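Only one structure is covered here, and it is reproduced in the block below.
The values are calculated or read from the model by the stated rules, or taken from the named source; none is laboratory data. Owing to the predicted nature of the structure, the values given are computational and were not obtained by experimental measurement. Here the Cβ is made from the backbone with ideal geometry for all residues, glycine too, and neighbour counts use every protein chain on show.
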Amino acid sequence: MSEKEITMRIAFYTDNFDPELGGIQDSILAITRELGLRGHKILIVAPSASPRDYARVNRPPVEIDLGPNIQICRLLSVPFPSSSQQSRWGIPTAKGRRRVEAFDPQVIHSHGFLSVGREALRMSRRLGCPIIGTNHWAVGGFDMYIPFARTFFGEACTRSVTRYFEKCGEVSAPSKDSVDTMREYGLSRPCTAISNPIDTLRFRPVSPERRQAIKSELTLGDKVIVAAGRLGREKRLDVLIRAVALVKKQVPDVSLVIAGHGSAKESLETLARECNLSDAVRFVGTLNQEALAKLFSAAEVFSIASTSETQSMVLLQAMACGLPVVGARSGGLTEHIPPKVGFQSEPGNSEDFADNLVRILTATDTRERMKQEAISFAREFSVSSISDIWEELYSKWAACEVPEGSRTECERKESEKDSIRSVSCV
């Protein structure tokens, strides 16, 4: 039996999980499904969700089925404010701990640093089990919610998050930018850039005939800009709406379709009316992945103005469907929007976004060339490719034993390595 055929038991701890909308959740679902198909046993520990959380994504309150090798352990939880309007604060219980103990994980993987992430550290010590941590958040990008102390808030949060991951045996993040930020704030653990995966079987280009059929079905024009994700202030969708008002002066039939839900929806709708864009900006609500792939297939360009991204799953999903991109020159986006697939714009600058959007919308040859490059670029982020990386990392740590109060042999060896190893598929 080869090393990859050995079944492992891995516990995923996450503060954010289905049915909450977000890239973290999509990444966890994709990886666990793939690992389960490969025969590995996964236990996902996550906050419980309320019927209202399911209603926000137009689903019945039924637990998602990830296959026979995947278990889900829901913790007691209470809601707390967030831009997704679905976030829950997990409350660890003795019952939950007993379930993890019965599962007897060989590796714990923490995908968060809040209450469930803290529980992951406790269970790692309690079970003598190695722990890997992934930082999915660019926490400094949320400083707009504390306008009276933005600089202090951003730096304090980044330091706190870095201290959390310093307690893990090994750390990853979806982009080198995130790795470098943690290094700047004192992270000394081995830290690797590992990209999040996308479902390239679902998100893929369609034929010209199918594309036109979808346009007719969705009643979309020929100059469609699409944006998708959580409707939070940190996503800076206001920049795109103002940009579309400028684009309209040169491309009168332009339209912007926004998919998703969140706390900023009402203010964004108001802004669209104030910019006289009621007919040009359409909010289509939360879409499942099949519907989102259809929307991408019928658009001309994807745009993202967010300044809080470590990578952006919807960005890569849109590319996989063949969309050129106009995005903010910020954070992890800078690594995932190469010149061959689109343009990077100055963060917060609607004029710059408008100029780049016009360049794509009015140049068929440029758009077609970027479309083909985007498809090729996105293929490297397939679930299978990224799962290979995780499988190898889990296998390494599953072989380690953790005496209580001491570091593992793997950890000691890795701490001697000074360089940051990047296995990103970028």
Single condition Leu361 does not satisfy, out of (1) surrounded by 19 or more Cβ atoms within 10 Å (Cβ to Cβ); (2) modelled with pLDDT of 95 or more; (3) in contact with a Gly (Cβ under 9 Å, 6 or more places away or on another chain) | (3)
Looking at (1) modelled with pLDDT of 95 or more; (2) surrounded by 20 or more Cβ atoms within 10 Å (Cβ to Cβ); (3) within 28 Å of Ile28 (Cβ to Cβ), can you tell me which one Val326 breaks?
-> (3)
Conditions: (1) buried (at least 19 other Cβ atoms within 10 Å of the Cβ); (2) under 18 Å from Leu357 (Cα atoms). Ala264 meets all but one. Number of the miss?
-> (2)
Just give me the residues in region 185-222 being assigned to a loop (DSSP other than H, G, I, E, B), under 18 Å from the mean Cα position of the chain (by Cα) and small (Gly, Ala, Ser), in sequence order.
-> Ser195
Are there any pairs with C-beta distances below 9 angstrom linking a residue in region 173-189 that is touching a residue at least 40 places away in the same chain (Cβ under 8 Å) and in the same structural domain as His136 (by TED's automatic domain parsing) to a residue that is acidic (Asp, Glu) and outside any helix (DSSP H, G or I), with the two at least 6 apart or on different chains, and if so which?
-> Pro174/Glu309; Ser175/Glu309; Met182/Glu166; Ser188/Glu166; Arg189/Glu166; Arg189/Glu170
Check Ala363 against each of (1) of a type in the set (Gly, Ala, Ser); (2) free of Cβ contacts under 8 Å to residues at least 60 places away in the same chain; (3) farther than 23 Å from Val247 by Cβ; (4) not assigned by TED's automatic domain parsing to the domain that holds Leu21 and name the one condition it does not meet.
-> (3)
Quick one: Gly348 ticks every box in (1) at pLDDT below 95; (2) at positive phi; (3) not assigned by TED's automatic domain parsing to the domain that holds Glu166 bar one, so which box is it?
-> (1)
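Working carefully through the options Glu101, Glu63, find the one that is charged (D, E, K, R) and either surrounded by 18 or more Cβ atoms within 10 Å (Cβ to Cβ) or touching a helix residue (DSSP H, G or I) at 6+ places or on another chain (Cβ under 8 Å) (or both). Can you show your working first?
Details: Glu63 fails: either surrounded by 18 or more Cβ atoms within 10 Å (Cβ to Cβ) or touching a helix residue (DSSP H, G or I) at 6+ places or on another chain (Cβ under 8 Å) (or both).
Exactly one of Glu101, Glu63 is charged (D, E, K, R) and either surrounded by 18 or more Cβ atoms within 10 Å (Cβ to Cβ) or touching a helix residue (DSSP H, G or I) at 6+ places or on another chain (Cβ under 8 Å) (or both), namely Glu101.
Hydrophobic (A, V, I, L, M, F, W, C), in the same structural domain as Glu166 (by TED's automatic domain parsing), surrounded by fewer than 22 Cβ atoms within 10 Å (Cβ to Cβ) and in contact with an Asp or Glu (Cβ under 9 Å, 6 or more places away or on another chain): does that describe Val57?
So Val57 passes the test.
Taking Arg33 as the residue in question, decide whether it is farther than 24 Å from Asn196 by Cα, touching a residue at least 40 places away in the same chain (Cβ under 8 Å) and of a type in the set (D, E, K, R). Show your work before the answer.
Working: farther than 24 Å from Asn196 by Cα: no; touching a residue at least 40 places away in the same chain (Cβ under 8 Å): yes; of a type in the set (D, E, K, R): yes.
Taking the combined requirement at face value, the residue does not satisfy it.
Anything in region 68-94 that is out of contact with any helix residue (DSSP H, G or I) (no Cβ under 6 Å at 6 or more places or on another chain), of a type outside the set (Val, Ile, Thr) and at pLDDT below 95? List them, or say none.
As a first pass, look at region 68-94 and keep what is out of contact with any helix residue (DSSP H, G or I) (no Cβ under 6 Å at 6 or more places or on another chain): 68, 71-72, 74, 76-85, 87-88, 91, 93-94.
When the remaining residues are screened for being of a type outside the set (Val, Ile, Thr), the result is 68, 71, 74, 76-77, 79-85, 87-88, 94.
Passing the criteria: Pro79, Phe80, Pro81, Ser82, Ser83, Ser84, Gln85, Ser87, Arg88.
For region 7-24, check the following and say yes or no: at least one residue is without any contact (Cβ under 8 Å) to a residue 60 or more places away in the chain and either among the aliphatic types (A, V, I, L, M) or not in a loop (DSSP other than H, G, I, E, B) (or both).
Of all residues in region 7-24, those without any contact (Cβ under 8 Å) to a residue 60 or more places away in the chain come to 7, 17-18.
Within this subset, residues satisfying the condition of being either among the aliphatic types (A, V, I, L, M) or not in a loop (DSSP other than H, G, I, E, B) (or both) are none.
No, that holds for no residue.
Report the residue count in region 1-49 for those that are aliphatic (A, V, I, L, M), more than 23 Å from the chain's Cα centre (by Cα) and modelled with pLDDT of 95 or more.
Of region 1-49, the ones aliphatic (A, V, I, L, M) are 1, 6, 8, 10-11, 21, 24, 28-31, 35, 37, 42-46, 49.
Then keep just the ones that are more than 23 Å from the chain's Cα centre (by Cα); that gives 1, 6, 8.
Within this subset, residues satisfying the condition of being modelled with pLDDT of 95 or more are 8.
Matching residues across region 1-49 total 1.
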Test: residue in region 205-224 that is in contact with a Leu (Cβ under 6 Å, 6 or more places away or on another chain) and in contact (Cβ under 8 Å) with a residue 24 or more places away in the chain | yes
